[in-house]
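The values are calculated or read from the model by the stated rules, or taken from the named source; none is laboratory data. Quantities reported herein were computed from a predicted structural model and do not represent experimental measurements. No Cβ is skipped: glycine too gets one built from the backbone with ideal geometry, and neighbour counts run over all protein chains shown. Keep in mind that these areas ignore ligands, DNA and RNA; they rest on the heavy atoms of the full protein, side chains included. Shrake-Rupley method; radii C 1.70, N 1.55, O 1.52, S 1.80 Å.
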Amino acid sequence: MNKYRYLVMIFGLMAGPMTVSAASAQTTVKLGVLADMSGIFSDIGSMGAYDATKMAVEDFKKVPGSDKLKIEVISGDAQNKPDVARGIARKWFDSEGVDALVDLSTSAISLAIAPLAQELNKVALFTASGTSDLTGKACTPNSVHWTYDTWALSHGTADAITKGGGKTWFFITADFALGHSLERDASAVVNANGGKVVGSVKHPSDSNDFASYLLQAQASRAEIVALANAGGDTIKAIKQASEFGIIQGGQKLAGMLLFISDIHSLGLKTAQGLRLTTAFYWDLNEKTRSFGERFAARNNGRYPSMNQAGAYSAALAYLMAVAKVGSPKDGVAVVRTMREMGTFEDPLFGKTSLRDDGRVVHDMMLVEVKTPAESKKPFDYYKVISTIPAAEAFRPLKEGNCPLVK
């Protein structure tokens with residue numbers, strides 16, 4: 001079957017044709033990729049997320065009938081500051097005709113953007129932020145939370161480690177929304193499995209010196225030192241933990257949020273053996289490899305992170321929904337249409353669906369970082385330990401306290 005006819009079928013376009021008549025002018029759709037372009041999360045998203053979004057547009061344009069939409073993608077640097085991000089988003093929405101945002105690099109930024117998108121009836125596609133509050137108390141009818149969240153990461157990694165015997169935990173936590181959510185959700189899993197959190201310490205974002213935090217972790221004698229942070233902070237913490245002899249002293253590291261770009265920066269010699277939970281791995285199957293190789297060819301040989309894969313898939317599903325609605329102007333209607341697609345076979349995430357609370361549900365994976373000897377090609381970094389089915393991977397709908405869920 002033709003690849004793009006397949007896309008039409010999996011997203012349900014054939015059951016609901018585009019409502020823009022052939023004789024009318026093209027309907028303009030504008031996507032804004034608001035990411036960290038220069039800071040500690042730039043390897044995870046940045047221009048890679050922008051390029052992945054453009055790849056989704058390119059693929060969508062090959063679907064019959066897609067020429068009725070004129071699609072534009074712009075980018076901006078959120079600088080990891082909620083006030084900066086909200087200012088850019090409001091300007092884009094109010095005066096530059098942006099219909100939907102993609103990426104949103106931190107949980108604090110996403111929590112600031114969600115009510116703005118609702119106020120202006122736009123769409124926010126959260127593909128890079130983690131807090132599970134986005135589908136809990138902060139859910140909106142205009143928000144879609146793709147890729148992962150802190151509940152899924154914590155249950156995947158903490159559950160496996162505690163059941164494997166790692167019962168005492170010490171958290172080194174980034175002092176912002178993502179870190180707080182990771183520690184909260186992982187602590188609940190540790191306690192539920194008969195473990196104990198013996199201590200924690202908070203650090204500011206973009207820290208350079210983790211010495212005092214690592215000394216506290218060593219002094220705690222916890223079996224597991226959990227890093228509830230992300231990006232550059234996680235990389236620096238792992239490198240300095242190696243220098244401090246954390247592993248040699250008998251403790252184990254648990255990265256609560258790690259990306260393939262982090263493993264690349266650390267190198268397999270340092271990262272080997274780390275276990276982590278991820279939504280995407282480029283070398284999983286034929287479709288993910290095809291996307292990964294296309295992405296690497298236009299990104300200097302760097303393969304996509306799960307956030308960049310999320311930007312592609314979220315943008316593609318959004319455009320399919322806009323095509324069915326006929327216009328991007330009613331954000332609630334577009335998100336409702338995404339939800340009404342039911343369970344579809346996403347090119348990168350497999351069987352996927354959107355719940356009433358805005359949570360996109362798909363399988364997650366527990367993976368282990370390969371040794372240098374096991375890796376046979378560039379970015380050949382993971383071996384899949386287990387697949388966490390979609391029904392188990394994310395917080396049950398009834399437990400999130402989203403006001404949209406009756």
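When +1 charges are put on Lys and Arg Cβ atoms and -1 charges on Asp and Glu Cβ atoms, the dipole computed for the stretch 333-406 relative to its Cα centre reaches about 100 debye. Taken over the stretch 48-188, the percentage of Cα pairs per 5 Å bin, counting from 0 up to the bin with the maximum distance, is 2, 9, 17, 18, 17, 13, 10, 7, 4, 2, 1, 0.
Just so you know, the Rg over Rh for the chain is 0.97, from Cα atoms, with Rh as the Kirkwood radius.
By the compact-protein rule of thumb, 2.2 N^0.38 Å, the alpha-carbon radius of gyration of the stretch 289-398 corresponds to a ratio of 1.26.
The largest accessible area among GLU368, GLU243 belongs to the first residue in GLU243, GLU368, and the rest follow in falling order (1.4 Å probe, all chains). In a reduced charge model with +1 at each Lys and Arg Cβ and -1 at each Asp and Glu Cβ, the chain shows a dipole moment near 560 debye about its Cα centre. Available extension along the chain between LYS398 and LYS62 is 117.1 nm, counting 0.36 nm per residue and deducting the alpha carbon span. Helix 177-192 and the long axis of the chain differ in direction by around 60°, with both axes built from C-alpha atoms. Summing Lys and Arg as +1 and Asp and Glu as -1 over all other residues whose Cβ lies under 14 Å from the Cβ of GLY292 gives a net charge of +1. Selection among SER207, PHE295, ALA174 by position relative to the dipole of the chain gives PHE295 as farthest towards the positive end (Cβ unit charges, Cα centre). Overall, the stretch 92-181 carries a charge dipole of about 480 debye about its Cα centre when +1 sits on the Cβ of Lys and Arg and -1 on the Cβ of Asp and Glu, all other atoms neutral. One Cα centroid belongs to the stretch 366-392, the other to the stretch 306-333; the line between them spans 29 Å.
By DSSP, the beta bridges lying fully in the chain are antiparallel in about 30 percent of cases.
Note on ASN300 and GLN79: the extension gain reaches 77.2 nm, defined as 0.36 nm multiplied by sequence separation minus the Cα-Cα distance. A dipole drawn for the stretch 14-172 from +1 and -1 charges on Cβ atoms has a positive end, and of ALA128, ALA114, VAL98 the residue lying farthest that way is ALA114. Placing unit charges on each Cβ (+1 for Lys and Arg, -1 for Asp and Glu) gives the stretch 323-406 a dipole about its Cα centre, and among THR387, VAL334, THR352 the Cα reaching farthest toward its positive end belongs to VAL334.
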